[in-house]
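Everything on this sheet refers to the single structure shown next.
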Amino acid sequence: MSYTKTTDSNKDEVVFIVDRIIEVRIPNRVYQRYAGRYDDREIISFCTRKDIFNAVTGRRLYYISEESGIPLIGHTAFGIIDRGTNLLQVRPSSGCNLNCIFCSVDEGKGKTKVTDYMVDVDYISKKFEEVSDFKRRHCNAPIEAHIDGQGEPFLYPYIRKLIEKLQGTADIISIQTNGVMLTRDLVKRLDGYVDRINLSLHSMDSSTAKRLSGIPSYDLDHVLEIAEAIAESSIDLLIAPVWVPGYNDKDMKKIIEFGKRIGAGKIWKPFGIQKYVKYKFGRAPKNARIMNFKTFYRKLEEIGEGLHLYPEDFGMVKCASIPKKFKVGERVKLKIEMHGRVRNEMIAVSRDRIVQVVDTSKKVGETVNARIVRNKQNIYVARET
Ligand code: SF4
């Protein structure tokens, strides 16, 4: 554990930033009671009078270890997601260092999210192994660990350890990133461990890229340099722009030219252009035009060949899902264990699954009578009855 220590005199708290992102706040008088008897590491780990935040987003942060008893299946913000194929999504933490104006989950410093989650590296690797064992018993295809999330995976401080651990279990490791936190040296260190990096790159123009990222300090040149470093390594590079009509229409061709020039797509497809879609909890850029899928695919064909992607392009095949634990419509009594990702949403735990209870005013520790309204892909949502 690495940490820095400061004092917040306004709140009279001792503030530790652990492993660059976990902000631990302890009231000064509580800290003084323990200081001298215990070292800082012990106080950070064992003091019960502490509040934990994500130092990047400023939100309340839950650190989820195996001992917490919180399962890792059932939520889209953390844990493992099994969508019924040979690819398993691995989500070690939530929270982003960018603030993209089109972000489908309103990440970064948005208004809707109130909580972040971070999973212990041993716990999430063990769960991945368990789910991939199940998959191997049901299909012969290679198992891919795809590290992504509602946020930037490289903010997870134990990302390299996670990748090393997954390497012992997964056949393919791919990871999603906006590239900002990568360095040439880190790319070198990932070489041999990661098979593919899906890099978000939305514009070749510095001011458009800043505008889309929502961050004035966004450094396009750095991300382009990282793209080149990945292409020069044995890691495959997939460049994944989001096309926001009215903002970056002219950039798609330029991004393709750039990707071809540096050698993206050594093994898989080089480009994964995504259509901007307006989501309920996402951001909507002002005056962005909404393109329908028919127009989108037609325009992709006009831009170049092979831009319409299919699951088989990435070796994805159907593969039996882990068992569902609740039926839609089922009435359940649930104990609330954590705050949810957004206001009026709480997280309950039952039958080794997470259940998001929406539109509730219940508090942590209370029980709620609810009805399951979603169980698709083992993601559970319930409403109070
Ligand atoms: S990098 Fe991705 S998760 Fe982060 S704000 Fe942008 S779109 Fe959202």
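The values are calculated or read from the model by the stated rules, or taken from the named source; none is laboratory data. Worth saying up front: this structure is predicted, and the values here are computed from it rather than measured. All Cβ positions, even for glycine, are placed from backbone atoms using ideal geometry, and neighbour counts span all protein chains on display. Remember, those area values only see protein heavy atoms, side chains included, never the ligands or the DNA or RNA. Shrake-Rupley method; radii C 1.70, N 1.55, O 1.52, S 1.80 Å.
Observations on the model:
- Of Ser104, Ser94, all but one fail to be within 16 Å of the ligand (Cβ to nearest atom), under 30 Å from Lys325 (Cα atoms) and open to solvent by 10 Å² or more (accessible area, probe 1.4 Å); the exception is Ser104.
- Number of residues in the stretch 213-233 that are assigned to a helix (DSSP H, G or I) and not acidic (Asp, Glu) equals 10.
- Looking only at residues in the stretch 59-91 that are among the hydroxyl-bearing types (Ser, Thr, Tyr) and over 11 Å from Tyr123 (Cβ atoms), the one that is most open to solvent (accessible area, probe 1.4 Å) is Tyr62.
- Some residue of the stretch 234-252 being part of a helix (DSSP H, G or I) and not assigned by TED's automatic domain parsing to the domain that holds Val342: yes
- Restricting the stretch 121-154 to residues that are of a type in the set (D, E, K, R) and open to solvent by less than 10 Å² (accessible area, probe 1.4 Å), the residue that is nearest to the ligand (Cβ to nearest atom) is Glu152.
- Set Leu88, Leu166: member being part of a strand (DSSP E or B), more than 16 Å from the ligand (Cβ to nearest atom) and within 26 Å of Ser321 (Cα to Cα): Leu88
Conditions tested, residue by residue: (1) of a type in the set (Asp, Glu); (2) assigned to a loop (DSSP other than H, G, I, E, B); (3) closer than 22 Å to Gln89 by Cα.
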site	(1), (2), (3)
Arg289	no, yes, no
Thr295	no, no, no
Glu302	yes, no, no
Glu305	yes, yes, no
Asp313	yes, no, yes
Ile322	no, yes, yes
